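Have a look at the structure below before the remarks.
Read-outs throughout are calculated quantities, based only on the coordinates presented, and are distinct from any laboratory measurement. It should be emphasised that the depicted structure is a prediction, and the values quoted were computed from it without experimental measurement. Virtual Cβ from ideal backbone geometry, glycine too; neighbours counted across all protein chains shown.
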Amino acid sequence: MPANATLAPAPDSPWRRAWRRLKRRRIALLALGVVVAFVVLAVFAPWVSPYDPVETSWSAIRKAPTASHWFGTDDIGRDVLSRVIWGTRASLLAGVVSVSLSLAIGVPLGMLAGFLGGWVDAVVSRITDAFLACPFLILAIALAAFLGPSLTNAMIAIGVSAAPVFVRLARGQVLAVKVEDYIEAARAVGNPRWRIALRHILPNILAPLLVQATLAIAAAVIAEASLSFLGLGQQPPAPSWGSMLNTAKNFIDNAPWMAIWPGLAIFVLVLSFNLLGDGLRDALDPREV
């Protein structure tokens, strides 16, 4: 090698470029920080919460916020702050697990329908259309009622109800990608179908799936709170934001703090996931500079 030769710079990966674009969006970074803060609260809830979330105190029933109980207490003397912190676990668990289930169901079916076409596409598309004809939350409530009230069943119901969205998205992305020149080149050199699907198509449809997954987590958090509010999700005395709101509705006049804090937690977490999803959509767009 000549003495004055210089090494060519390493190629910049799409994910690094996306991270640089995301860092320029302060609102998305702020939303990411809020989501990380909620995750930290959920993971370290046993060490962060000041009280046992199910411990009752008959001498501190519906006490307003004080130095000893920052968010006040509920109708049987439980610390609201501790219950909000522990309720973060149920909401994030429901969001992440249910969306992971939706991805596990929706992405393979959507890729099969889009890649194989023909009768497979027709059958999968018609079943997807049938599920999409029913509103997401109504379908989740029906499935949760059929499976029985529990957080696990609520996550299954939410995951199955959200799967058709990922089927439709994955199918559309595959239909757009499989006609690209590099797919035709991979097919021409003898790559089998499974290798083309997994090595060439799947990596190129991950960006919209990631954005949709982020937005779906926000919808799953609301769905879990709704199911818990109706008694179909996390079961008392285990803390859940939805069940806390269900209890608080009976004391909204003389103990509004029972409803304010879990409601505010739902609002902030859902808003943060939506803002993060918008930021990811812009950052992962290859047309962005």
Just to confirm my numbers, what's the Cα centroid distance between region 14-92 and region 123-191 in Å?
31
Quick one: what are the phi-derived ³J(HN,Hα) couplings along region 170-175, Karplus 6.51/-1.76/1.60 with θ = phi - 60°, whole Hz, x for glycine and proline?
5, 4, x, 5, 5, 4
Under a crude label model (7 Å from the Cα following the beta-carbon direction), how far is Thr152 from Glu55 in nanometres?
2.9
In terms of the Cα gyration tensor, with a ≥ b ≥ c the square roots of its eigenvalues, is the chain rounded because a/c is under 1.5, prolate because a/b exceeds b/c, or oblate?
oblate
Of the options Ile61, Leu269, Leu227, report the single residue whose Cα projects farthest towards the positive end of the charge dipole of the chain (beta-carbon charges: Lys, Arg +1; Asp, Glu -1).
Leu269
Given backbone amide H placed at 1.01 Å from N, residues whose amide H is under 5 Å from that of Arg78, ignoring those fewer than 5 places away on the same chain, are Ser57
Using alpha-carbon positions, the gyration tensor of region 188-289 gives root eigenvalues a ≥ b ≥ c; with a/c under 1.5 called rounded, otherwise prolate if a/b exceeds b/c, else oblate, the class is oblate
Could you give the spread of the C-alpha atoms of region 1-158 along their three principal axes, from largest to smallest, in whole angstroms?
80, 59, 24
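With +1 on each Lys and Arg Cβ and -1 on each Asp and Glu Cβ, how big is the dipole of region 65-219 about its Cα centre, in debye rounded to the nearest 20?
Details: 11 positive and 8 negative charges, 79 e Å.
Dipole size: approximately 380 debye.
Extension gain Ala122-Phe44, at 0.36 nm per residue separation less the Cα-Cα distance, in nm? If you can, show how the numbers build up before the last one.
Values: separation 78, 0.36 × 78 = 28.08 nm, distance 4.73 nm.
Extra length available between Ala122 and Phe44 comes to 23.4 nm.
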Dipole of the chain [Lys/Arg +1, Asp/Glu -1 at C-beta], most positive-end residue of Ala238, Leu202, Ser98:
Leu202
Rough spin-label spacing in nm, given labels placed 7 Å along Cα→Cβ, for Val36 and Asp75:
4.0
Expressed in nm to one decimal, what extension gain is obtained for the pair Lys23 and Leu198 from 0.36 nm per residue of sequence separation less their Cα-Cα distance?
60.0 nm
Between Ile138 and Arg187, 0.36 nm times their residue separation minus their Cα-Cα distance comes to what?
13.3 nm
Set of lysines with alpha-carbon distance to Lys23 below 20 Å, sequence-local pairs under 8 removed:
none
Checking Asn191, Asn246, Asn153 against a Gaussian network model of the chain (alpha-carbon springs below 10 Å), the top fluctuating residue turns out to be Asn191
The chain, helix-only ellipticity at 222 nm - DSSP H runs n ≥ 4, -39,500 (n - 2.57), divided by all residues, nearest 500:
-22500 deg cm²/dmol
Pairwise label distance in nanometres, Leu271 with Ala176, each label 7 Å out on the Cα-Cβ vector:
3.1
In debye to the nearest 20, the charge dipole size for the chain, taken about the Cα centre with +1 at each Lys and Arg Cβ and -1 at each Asp and Glu Cβ, equals 720
Check cross-link reach from Lys249 to the lysines: straight Cα distance under 30 Å, and skip same-chain residues fewer than eight apart.
Lys63
